[in-house]
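Each remark here refers to the structure printed beneath this line.
FYI, it's all coordinate maths here, none of it is from the lab. Please read all numbers here as calculations on a predicted model, not as lab measurements. As a convention, Cβ positions derive from the backbone with ideal geometry for all residues, glycine included, and neighbour counts pool all protein chains shown.
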Ligand SMILES: [Zn+2]
């Protein structure tokens, strides 16, 4: 029985009732297809017109949607296969597909000079090898394709998303703002006086006299208050810039997340409760938080949040400099001046805010001791996450 006759029959009609029979049937089909393809190649493109016709004939014989051998195999072998045999027939059929696709390409291409793409678009068709003045080179286009390595999500992005998720779960929403920011939003509106050292060129990258690369994500506070008014519950993740030389703990660009809650009757207790919840969610239930007084121009009172050291559980180790505590963010009650700059009446509303460095969280979470590793695009480092 020829292959043409076989593809016109169902598997039971062919007496095929087990996986082995299916496999040898498909092997026969693949071998036939491959043999015909090879024969076409070895006859070459000597006669361009005749060759084009041969390519078309071979293609139609196998791949024509109606009456092509592959369609008939699909129709008679695959679709009519018994439930038991279907998986193996399906698998074999799938192995036939790339060979068939190779036939399609090979029939059209035959020779594969590198310049084809451009020439195809110019000529609207693929010229023969002679048109290029190159010898006929056949590539085995039936080989499986090259699978490019899969990437993974950068650890900073992972940590950003994790922190965002915690606050989204608490009803906060995400706000963003420009990285090239006006001096007004970056400093003035945040109650940072003209004389504050962070305005100095040493810390701030100035674009011009009134424009900076934002040194923190806090300007988003003002922009969000102006845009949405109160009540307001936002976090603002993003890149910030400082005039710092890169070393193990500094980078001229890094990521921050700013948090802001403004509502009636917001107190420091709300701030403590929220940040305590967040720390336990992010670092683990055992974590304890400690609030200590600090100073920021845009909050009053201001505080620093420390967590019990994740390495030694508060016993004291090198990471926490034997103190048992690691500082993880700054926070405080929003300064009335800042609320006013955001267009919110401090007599009616109060709020709290915090800011944290995302790189620091990623370093603590994964035990990384050099911030530069995040920016070096070294796959050996990145693929660990
Ligand atoms: Zn420790």
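Data for the structure
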| read-out | value |
| --- | --- |
| Of all residues in the range 202-227 being surrounded by fewer than 17 Cβ atoms within 10 Å (Cβ to Cβ) and outside any loop (DSSP other than H, G, I, E, B), the one that is farthest from the chain's Cα centre (by Cα) | 208 |
| Only listed residue being under 33 Å from the mean Cα position of the chain (by Cα), within 16 Å of the ligand (Cβ to nearest atom) and at positive phi, chosen from 316, 284 | 284 |
| Checklist (1) more than 15 Å from the ligand (Cβ to nearest atom); (2) buried (at least 19 other Cβ atoms within 10 Å of the Cβ) applied to residue 245, failing item | (2) |
| Residues being in a loop (DSSP other than H, G, I, E, B), within 16 Å of the ligand (Cβ to nearest atom) and buried (at least 19 other Cβ atoms within 10 Å of the Cβ) - total across the range 288-309 | 1 |
| Those residues of the range 145-160 which are surrounded by 13 or more Cβ atoms within 10 Å (Cβ to Cβ) and over 30 Å from residue 95 (Cα atoms), in sequence order | 154, 155, 156, 157, 158, 159, 160 |
| Enumeration of residues in the range 319-357 that are part of a strand (DSSP E or B) and within 12 Å of the ligand (Cβ to nearest atom) | 325, 326 |
| Selection count where residues are surrounded by 16 or more Cβ atoms within 10 Å (Cβ to Cβ) and free of Cβ contacts under 8 Å to residues at least 60 places away in the same chain, scope the range 189-201 | 1 |
